[in-house]
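Below is one structure, written out as structure tokens, with a few remarks after it.
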Amino acid sequence: MKKVPIETEIITLGQFLKLADVIQSGGMAKWFLSEYDVFVNNEQDQRRGRKLSVGDKVEIPGIGVFVVSQH
């Protein structure tokens, strides 16, 4: 499980994927979410605008588990 610190109270799933080095650019988020199963707090979610806050868990089978942490 990798902790990914954010500097704001909330972050979108698309921004988070870039911050966690899962994708190279924000523009890849829509494609990535359509190609891979992404679970936010154990619920599948493909919305790049999904709001995440500290403590949320993002799991991508075959890639890793990430937790939003305080900076």
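Just so it is clear, none of the values below were taken in a lab; they were calculated from the coordinates. From a predicted model like this one, the values you see are computed outputs, not experimental measurements. Every residue, glycine among them, receives a Cβ derived from its backbone with ideal geometry; neighbour counts consider all protein chains shown.
Sum -39500 (n - 2.57) across every DSSP H segment of at least 4 residues in the chain, then divide by the residue count to get the 222 nm mean residue ellipticity, nearest 500. Mind showing how you got there, number by number?
Numbers: 2 runs with 14 residues, N = 71.
The per-residue figure over the chain is -5000 deg cm²/dmol.
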Cα-derived Rg over Rh, computed across the chain with Rh taken as Kirkwood radius: 0.91
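Would you please name the GluC sites (Glu not before Pro) within the chain that are DSSP coil residues with at most 13 other C-beta atoms within 10 Å of their C-beta? Numbers along the way, then the final one.
Values: sites: GLU7, GLU9, GLU35, GLU43, GLU59; in loops: GLU7, GLU9.
Answer in residue order: GLU7, GLU9.
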³J(HN,Hα), Karplus 6.51/-1.76/1.60, whole Hz, each residue of the stretch 33-50, x for Gly, Pro: 5, 7, 9, 10, 7, 10, 10, 10, 6, 6, 10, 5, 8, 10, 8, 5, x, 4
Residues whose placed amide H lies under 5 Å from that of ASP56, excluding near-sequence neighbours: VAL68
